[in-house]
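Structure record follows, encoded as structure tokens.
The values are calculated or read from the model by the stated rules, or taken from the named source; none is laboratory data. What you see is a predicted model; the values in this text were computed from it and never measured. Here the Cβ positions follow ideal geometry from the backbone for every residue, glycine too, while neighbour counts run over all protein chains shown.
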Amino acid sequence: MTRTPMRERFYAELDPVLDEDPRVAVVLAVIGAAALADTSARHPDRVIDVGIREQSMIGVAGGLALAGMRPIVHTYAPFLVERAYEQIKLDLGHQDVGALLVSTGASYDASTAGRTHQAPADVALMSALPGWTVHAPGHSDELARLVRRESSASRRAYVRMSTLQNATAYPIDGNLHLVRGGAHTMPLVVAVGPILDTVLDATKDLPVRVAYTSTPHPLDVHGLRTLAGPAPTVAMVEPYLEGTSAASVAAALVDRPSRVVHVGVPRGTELRRYGSPKDHAAAHGLDAAGIRARLKEMV
């Protein structure tokens, strides 16, 4: 089955979103401007390219939001989250205004561009700010639904696009969805976003249940408690910084004797060779073989 790349799908959704809602404005820092040339020509006053000035991009978005507009802000994850983090904290969060931030280049998707284009800590950083919802869609259909829904809302949301996709799209309701069942006493593996199919491959002959969510923050605590059971063994597999959801999982299971394993981009590591995204996944233990090795220890 052929799936439209998320980034391409995102650009395709913006034209109708701008047509349907006069509040929406798209703010760019060069990245995406060429792909949105036709959209910009149709909506010249609501597609704003500030140049290579990511902090200014967030400042402009904050001003638009204060004026009653709904800004959609887009660039590479390290430029959007890490470079402009203080502006996100102040110009959006502290002003208590809403915006939709949409990044590309998840974790090491742009590995061949070097460390400047990698941001495995973006979800951890955004989750640390008050009032933000973080989405990591696993399929371009999920992405399209998220863009449509969040562009018409007023809250603060971060959507993390990836070049990796699952074969199937799931609901974007923020809940955990059981993808592979089994006895309630079996360990529960929670896969976040586009890592699901890799997790299913890694666990195909392991005695585990597998659940899925595209919204790691806030985590579906009720769903986790329901699926985990009274004395759970749980693994969180996230395609970004390992342990990003540790506090949420610990809080959800605080009253239960539990064993929790976190699988993600290891903390304290720094790969200094470019390589392909597959090379990075293997080096970080986030390919099927690496995930299987970690989960075999658990079961």
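Tally the residues that are without any contact (Cβ under 8 Å) to a residue 40 or more places away in the chain and farther than 20 Å from Arg160 by Cα, restricting the search to region 21-52.
18
Has region 54-61 got at least one residue that is over 27 Å from Ser127 (Cβ atoms) and touching a helix residue (DSSP H, G or I) at 6+ places or on another chain (Cβ under 8 Å)?
To start, the set of residues in region 54-61 that are over 27 Å from Ser127 (Cβ atoms) comprises none.
Within region 54-61 (the criterion being over 27 Å from Ser127 (Cβ atoms) and touching a helix residue (DSSP H, G or I) at 6+ places or on another chain (Cβ under 8 Å)), the answer is no, since none of the residues qualifies.
Would you kindly identify the strands (runs of 3 or more DSSP E) lying entirely within region 23-92 that contain at least 1 residues that are over 23 Å from Ala136 (Cβ atoms)? Talk me through it step by step, then tell me what you get.
Numbers: elements: 24-28, 47-49, 70-76.
By residue number, 24-28, 47-49.
Any residue that is of a type in the set (A, V, I, L, M, F, W, C), in contact (Cβ under 8 Å) with a residue 24 or more places away in the chain, part of a loop (DSSP other than H, G, I, E, B) and buried (at least 17 other Cβ atoms within 10 Å of the Cβ) - is there at least one of those in region 189-201? Write out each step before concluding.
At the first step, the residues of region 189-201 found to be of a type in the set (A, V, I, L, M, F, W, C) are 189-192, 195-196, 199-200.
In the following step, the residues that additionally are in contact (Cβ under 8 Å) with a residue 24 or more places away in the chain were identified as 189-192, 195-196, 199.
From what is left, the residues that are part of a loop (DSSP other than H, G, I, E, B) are none.
For region 189-201, residues of a type in the set (A, V, I, L, M, F, W, C), in contact (Cβ under 8 Å) with a residue 24 or more places away in the chain, part of a loop (DSSP other than H, G, I, E, B) and buried (at least 17 other Cβ atoms within 10 Å of the Cβ): absent.
Do you know which residues across region 202-221 are free of Cβ contacts under 8 Å to residues at least 40 places away in the same chain and of a type in the set (S, T, N, Q)? Working first, answer last.
Going residue by residue through region 202-221, those that are free of Cβ contacts under 8 Å to residues at least 40 places away in the same chain are 204-205, 209-211, 213, 219, 221.
Listed by number, the list holds a single entry, Thr213.
Condition first: among the β-branched types (Val, Ile, Thr) and either outside the structural domain of Thr185 (by TED's automatic domain parsing) or within 19 Å of Gly138 (Cα to Cα) (or both). Now tell me which residues in region 238-290 satisfy that.
Narrowing region 238-290 to residues among the β-branched types (Val, Ile, Thr): 244, 249, 254, 260-261, 263, 265, 269.
Across region 238-290, the qualifying residues are Thr244, Val263, Val265.
Mind checking which residues of region 231-265 are touching a residue at least 24 places away in the same chain (Cβ under 8 Å) and assigned to a loop (DSSP other than H, G, I, E, B)? First the steps, then the outcome.
Filtering region 231-265 down to residues touching a residue at least 24 places away in the same chain (Cβ under 8 Å) leaves 231-245, 248-249, 251-253, 256-265.
Hits for region 231-265 are Ala231, Pro232, Glu242, Gly243, Thr244, Ser245, Leu253, Arg256, Pro257, Ser258.
Condition test on Val102, is it within 25 Å of Pro218 (Cβ to Cβ), touching a residue at least 60 places away in the same chain (Cβ under 8 Å) and surrounded by 20 or more Cβ atoms within 10 Å (Cβ to Cβ)?
Details: within 25 Å of Pro218 (Cβ to Cβ): yes; touching a residue at least 60 places away in the same chain (Cβ under 8 Å): yes; surrounded by 20 or more Cβ atoms within 10 Å (Cβ to Cβ): yes.
When the stated conditions are applied, Val102 passes them.
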